[in-house]
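Only one structure is covered here, and it is reproduced in the block below.
FYI, it's all coordinate maths here, none of it is from the lab. Everything numeric here is computed off the predicted structure, so don't read it as measured data. Note: ideal-geometry Cβ built from the backbone for every residue, glycine included; neighbour counts use all protein chains shown.
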Amino acid sequence: MSQPKEIFVRLDRCVGCHTCNIACTVEHSKSKNLFESISEHPTPKNRVYVEWVPTDHKVPVLCRHCEDAPCMHACISGAISRTEEGVVITNSDKCIGCWTCVMVCPYGVIGRHLETHKAYRCDRCPDLKTPACVDACPTQALVYRTVEAFSGDVRQDAARKMISEERR
Amino acid sequence: MVAKQTRYVIIGASAAGMAAAETIRKLDSKGSITALSKEQDMPYFRPMIPFMITGKKKFSEMMLIGQGPYQSANINVRLNSTVEAVHTTDQTISIKSGEELPYDKLLIATGSRPHIPPIAGIEAEGVFALRTLSDARAMALRAERTKHAVMLGGGLLNLKTAFALLERGLEVTLIIQSPEVLSQLMEPNDATLIRDALIRAGLRMITGCSASRILSDANGVNGVLLDDGREVVCQMVCIGKGVRPNVDFLGQSDIKVDQGVVADRFTACNTLNVFAAGDVAVTFDSTTGERIVTGLWTNAVEMGHCAGRNMAGQPTEYTGTLGILNATQVADVPFVSMGIVHTSGTDYETYVASAPKAYRKLVFTPDGAKLVGALFVGDISRAGLYRYLIREGRAVKGIKSFIIRRQLHYGHILKETI
Ligand SMILES: Cc1cc2nc3c(=O)[nH]c(=O)nc-3n(C[C@H](O)[C@H](O)[C@H](O)COP(=O)(O)OP(=O)(O)OC[C@H]3O[C@@H](n4cnc5c(N)ncnc54)[C@H](O)[C@@H]3O)c2cc1C
Ligand code: SF4
Ligand code: SF4
């Protein structure tokens, strides 16, 4: 079996341009077109967040598809499951909008869709070979690799390590 | 030598029991796993039963096995199997049918049942306390000939039930002793936005009152007499006065019970090869270390996983739960309540911010070093970050101002950790 790929963040490269946000939103629209997506209902939602930390660090944050995914075990309706590729997904047909997953995700990456009353998050773009955000990032701050290829490090620690490297 | 197959027996086939079964199966592919339930239905997501009252979901949409993380095969679930006794010396349990079932490892995961206060007339037809799918079905039937339902108690369960009944077009009146709804999860001043939302949604409320008698005739309930002498005409009454652990069947055994089944840090009971998890177990609060009995799906699942590991021979310490760990949406207002949120008369360092559509309260230790509780009403985004901090019990240092202003994001925590 080939190693599942993951999205990694290279913090030293992120310039905070938010191109990933737009690509993500468009990919999660019905039309998959920037101009048409703006007027769609329900409003397409972005699932990657570019945060700003003083003094001047940009930190893209997105679902880590955690190994023992707290959100999946906490969901009170069975809406969250893991695919064979290791992607943790929310089935919106099953979601009842109780927000338990929002309460337990330690990364704060589950959004609430107010129009549909459903939870949403990164699904690693099941229709694409490379997730839209990774493809769109002009500085290659987001990369899509296997853990091995990236650093040989465990997934939870990947981002942390990158920051310490950056500080060195 | 061929190792003997371990016989795992689990009393209770719900959150805790099925989570344990799932974990055991991952660690031990050979042992036999039997989960017993006294209910007639295959395991289901208990918090979804209000949808049986509204009719918005079918039973098949609430089933647990095959959904979310519950994917393991080869777990033998036995329904209509009430366990009446546990014999720890010969390691067997007695089932109502007369059968004696031997175990090598036993998990007690019998959950809890509604607490029914001693109100005169409470045994009348049409009085409910929602806990099982059967209760929900019976309520749905009664709702067909109900115009007005009275809810006794203003906790989360009764609010969820009230909304299901409102959705069916019933008139619903909530009768609560405390000055505000949800007194277990917040203080009266914290509940204003929620109360307003309930009223907008059409719920009627009578506070500072309790029922002294339930009135009935040949058709069942026809009213409730309040302690101030008022009489409320209704055709259905729902009791929401908290839950009690299901421990009665352990009366004759030497398994230690103190409110619930007492489990140590490794989810083990005082007798050999017996474990406990979920609503029935006495667990502990991860922030205060206090012994607590909870009624939380999240705790039941986590503790069930942990017990499963211990039963399958991987000693694992349970990290505990927060006594309060609730998220939900009432009418159009979402809220999250976590950890210590009742602060009146205490010296916790507390920050409150109130806006027309959002309210928050952040509670720190008296020395201000650690976050111990958070309540968000209206805006609950990124609540998980705050739960993480409460649970870790780490000094918040440089990120405290972001916490208080509710601007915290993962970037802050990342920078703080390293
Ligand atoms: C309407 C509703 C909404 C809820 N919403 C939430 C929510 O949003 N968030 C949250 O955290 N929690 C919620 N809860 C609480 C949550 O459902 C419980 O905490 C959880 O189900 C506890 O799981 P458990 O496995 O410990 O026990 P239970 O779910 O109570 O299951 C007990 C099992 O034991 C079996 N059993 C009991 N006695 C015996 C016996 N003597 N012999 C054989 N079998 C027996 C039963 O048949 C059942 O299979 C809600 C509950 C209800 C009713
Ligand atoms: S939503 Fe949060 S908890 Fe769930 S897998 Fe993603 S990062 Fe982990
Ligand atoms: S909001 Fe939806 S996905 Fe999240 S826990 Fe509730 S039902 Fe599950």
Helical contribution to [θ] at 222 nm, DSSP H n ≥ 4, -39,500 (n - 2.57), averaged over chain B, rounded to 500: -6000 deg cm²/dmol
Segment B:136-206: GluC sites (Glu not before Pro) in DSSP loop, at most 16 other beta carbons within 10 Å: B:Glu144
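Distances over 28 Å make up what percent of all Cα-Cα pairs in chain B? Don't skip to the answer; put the middle values down first.
Details: 46844 of 87153 pairs.
So the portion of pairs separated by more than 28 Å is 54 percent.
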Considering only chain B, percent of DSSP beta bridges that pair antiparallel, nearest 5: 60
Inter-label distance for A:Thr116 and A:Gln3, nm, one decimal - labels placed 7 Å from Cα along Cα-to-Cβ: 3.3
Proximal lysines to A:Lys32, defined as alpha-carbon separation beneath 16 angstrom and excluding residues fewer than eight positions away on the same chain: A:Lys45, A:Lys129
In segment B:1-81, chymotrypsin sites (Phe, Trp or Tyr not before Pro) in a DSSP loop with at most 11 other beta-carbon atoms within 10 Å: none
Neighbour-limited loop hits for trypsin sites (Lys or Arg not before Pro), segment A:59-138 (at most 14 other Cβ within 10 Å; DSSP other than H, G, I, E, B): A:Lys129
Cβ neighbours within 10 Å from other chains - mean over A:63-75: 4
Distance (nanometres) between label positions extended 7 Å along Cα→Cβ at B:Tyr351 and B:Ile199: 3.1
Charge-dipole axis of the protein assembly as shown as Lys and Arg at +1 and Asp and Glu at -1 on Cβ define it, positive-most pick from B:Ala383, B:Ala201, A:Thr139: A:Thr139
Which of B:Thr271, B:Pro69, A:Thr83, positive extreme of dipole for the protein assembly as shown (C-beta unit charges): A:Thr83
Dipole of the protein assembly as shown, positive direction: furthest Cα of B:Val9, A:Leu114, A:Val26, with charges on the beta-carbon: A:Val26
Neighbouring partner chain Cβ atoms per residue of B:374-385, average, 10 Å criterion: 4
Rg ratio (alpha-carbon, reference 2.2 N^0.38 Å) - segment B:4-91: 1.19
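Determine the alpha carbon to alpha carbon distance for each of A:Lys118/B:Lys57; A:Lys30/B:Lys415; B:Lys30/B:Lys58; B:Lys38/B:Lys147 and list only those over 26 Å.
From A:Lys118/B:Lys57; A:Lys30/B:Lys415; B:Lys30/B:Lys58; B:Lys38/B:Lys147, over 26 Å: A:Lys30/B:Lys415; B:Lys30/B:Lys58; B:Lys38/B:Lys147.
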Cβ-derived FRET efficiency at R0 56 Å, A:Val15 paired with B:Thr54, nearest 0.05: 0.70
Segment B:138-159 residues near the modelled B:Asn222 label - backbone nitrogen below 19 Å, point 7 Å along Cα→Cβ: B:142-150
Nitroxide proxy distance, nm - points 7 Å out along Cα→Cβ at B:Ala124 and A:Ile22: 6.6
Descending principal axes extents, segment B:127-241, alpha-carbon based, whole Å: 42, 32, 24
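If you take the C-alpha gyration tensor of segment B:93-143, multiply each eigenvalue by 5 and take the square root, what semi-axes do you get, largest first, in whole Å? Don't skip to the answer; put the middle values down first.
Details: eigenvalues 200, 39, 29 Å².
Gyration-tensor ellipsoid for segment B:93-143: 32, 14, 12 Å.
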Dmax and Rg, reported as Rg then Dmax, of the protein assembly as shown (C-alpha, Å): 25.0, 81
Long-range tail of P(r) for segment B:332-417 (Cα pairs > 17 Å, %): 42
Rounded Å value of the spacing that divides the Cα centres of segment B:84-142 and segment B:191-260: 19
Rounded FRET efficiency, nearest 0.05, which uses the C-beta distance separating A:Thr139 from A:Ser31 and R0 of 25 Å: 0.35
Whole-angstrom Cα spans of segment B:344-385 along principal axes, big to small: 29, 22, 11
Under 25 Å from B:Lys26, Cα to Cα: lysines that are on another chain or at least 8 residues apart: A:Lys5, B:Lys4, B:Lys105
Point-charge dipole on Cβ atoms (K/R +1, D/E -1) for the protein assembly as shown, about Cα centre, debye to 20: 1040
Computed P(r) (all Cα pairs; chain A; 10 Å bins; percent): 10, 37, 38, 15, 1
Computed over segment A:63-121, the ratio Rg/Rh where both radii use C-alpha atoms and Rh is Kirkwood: 0.92
Separation of alpha-carbon centers, segment B:3-67 and segment A:50-112, rounded to whole Å: 24
